[in-house]
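Written below as structure tokens is the structure these notes are about.
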Amino acid sequence: MLDSLLGSPTRFLFFTGKGGVGKTSLSSATAVGLARQGRRVLLVSTDPASNLSEVLATTIGSTARPVAGVSGLDALDIDPTAAAAAYRDRVVGPYRGVLPDPVVANIEEQLSGACTVEIAAFDEFTALLADPDATAGYDHVVFDTAPTGHTLRLLALPGAWTGFLDTNTAGVTCIGPMSGLTQAHDRYRVALGALADPAVTTLVLVARPETAALEEADRARDELAALGLTNQHLVVNGAFEATGSDDPTAEALAARQADALLAMPAGLVGLTRDTLPLLSVPPIGADALAGMLEGRSTASSAAAVAFTGATTSLAEIADRVAARSSGLVMTMGKGGVGKTTIAAALAIDLARRGLPVTLSTTDPAAHLTGALAGAEELPATLVVERVDPEAATAAYTADVLADAGAGLDADAVAVLEEDLHSPCTEEIAVFQAFASTVGTATDRIVVLDTAPTGHTLLLLDAAHSYQREVERHQDDTSADVAGLLGRLRDPDYTSLLLVTLPEPTPVHEAAELQADLARAGIQPASWVVNQTFTATGTTDPVLAARARNEHRWLADVLERHDQLAVVAWQATSPTGADALARLVRSAGPVGATSASSER
């Protein structure tokens, strides 16, 4: 059912889109489909939270290895951590025993931040694009990329870094000596050329037939086109048709999808498009992935049944936060799981009690406006903000120049200004604004909708690594930065909600996030499993099969944490203050304790 895409595929295929739309499944299915056509194919994940091994039912590593059951298909994960370690060794190695130990230690310190992890992974990524020998044995290279915001930054890096390398003469950047980058300068240029060549590369925009996902795909289309990446293809994944069984959930889902497709942004309408149906169970393994391309479903006629595990509700979470009357609520998780909607719903509910509430986001995609819809409905005690990357960078740059640049001669200021033009500066600036927002929760409730998991971890990692970078430019680190980790670790100050979907990949990624947070001394207050069909009582064969499949993931969550709020899929999209308030207060027959409604 990917006839248009598989009919005449280019050598490089990039799958991108809003988190949770099925990029990994689709990229894997495409790779399987091409290999079964007799092509030699390499499937590559550049996602920091890759789950290729799970989807392919084959252990995948940092070097290409065959995929079981598919002749001609190899796969690999670009491991950002391992890439960063190798990158550090390449950059620092030549200086050991040559420069004084304190100087070498300073270089290593500069290379310890999250920005280094990003550029190191990018370094591996560009090698596959620019080095003919690296992929000489393959007819096609299929990239399973990260959620849209990360992918756009990744694809923008060839232009950003080549431009920076062209103009920087200071010798040092926020990720270390320039030599570590200039060695790869030519490769970056070749990679950018390959990305922009429509005869070589296709950008596959993946979206669900939902308004938010289609709008995100259109945003990606526009920004990619601005980067010169115009050879784009749209795949609408998860299209559903009601069977005529008079099931209200099925009819509502089909109607919502039809409305979303009818209102599809004009920019997407002009793209070549393929459509795949909603499957009853996630495709795992080569045969199931091949079936995904054919739209095969294994649904039975059994109805959905209630989950018997003990759950809580969003209302109970809101009650606990309201009892404190101040503090921080953070929604975290894989992109596309509904963090923004959950955050906005809790903020509306708390503000309608007369409590002072700030609702903010660090997500580059910033979907708060769409979730809130009619601003006239918002409670008077609610303040809605956004950590704007451009504004934060401008403010940070001005502060550094005014502070660190005071008293410097013109040449020294010029060097400082060059350093501030590096791509890392925006990361530092956004982190500073994030820390400042967290610090305002001392006398009010701050509900913070965070970015998808990988980006959120970069921000949390910043409490350690970027603090050193900030201190390099400023005499004193701000109190907000210095106190950030302590506030995030304090359960009386911070209620951290891990938001996920009742599906294997989102649950596993949230579990990995919980483990990462634990290593930082941060514990979630509760998990929130969003958009479940379990609570709807659906009798539609496909939806009921999906509901039954959800139970194992709800049970899996309860094994990891004793607090689980279950949020059911509902017929009406929860946008606008009234719908969001109902989302918190509504109940559904989920388990020992009732839950709330949709995303």
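The values are calculated or read from the model by the stated rules, or taken from the named source; none is laboratory data. Everything quoted here is computed from the prediction, not taken from an experiment. Reconstructed Cβ throughout: ideal geometry from the backbone, glycine too, with neighbour counts over all protein chains shown. Areas reflect the complete protein model, heavy atoms only, side chains present, ligands, DNA and RNA absent. Shrake-Rupley method; radii C 1.70, N 1.55, O 1.52, S 1.80 Å.
Descriptive notes on the structure:
- Charge sum, other residues only, whose C-beta stays under 9 Å from HIS140's C-beta, Lys/Arg counted +1 and Asp/Glu -1: +2
- For the set LEU192, LEU368, solvent exposure ranked by accessible area (probe 1.4 Å, protein chains only) runs largest to smallest as LEU192, LEU368.
- The listed residues SER586, SER280 rank as SER586, SER280 when sorted by accessible area, largest first, using a 1.4 Å probe.
- Segment ASP411-SER436, extension gain: residue separation times 0.36 nm, minus the distance between their alpha carbons: 5.8 nm
- Extended-chain gain in nm, criterion 0.36 nm per residue less alpha-carbon gap, THR369 and GLU559: 64.9 nm
- Residue-count net charge about ALA250 - beta-carbon cut-off 12 Å; Lys, Arg +1, Asp, Glu -1: -3
- Three-way shape label, region 537-580, alpha-carbon gyration tensor, a/c 1.5: oblate
- Once both labels are positioned 7 Å from their Cα atoms along Cα-to-Cβ, the gap between VAL281 and ASP186 label points is 5.3 nm.
- Descending semi-axes in Å of region 206-297, equivalent ellipsoid built from Cα gyration tensor: 26, 19, 9
- Placing unit charges on the Cβ atoms of the charged side chains and taking the dipole of region 1-58 about its Cα centre, the candidate lying farthest along the positive direction among SER8, ALA29, SER50 is SER8.
- Computed lengthening from ALA395 to THR572, 0.36 nm per intervening residue step minus Cα-Cα distance: 59.7 nm
- What region 473-585 shows is 36 Å² of accessible area per residue, with the surface traced by a 1.4 Å probe over protein heavy atoms.
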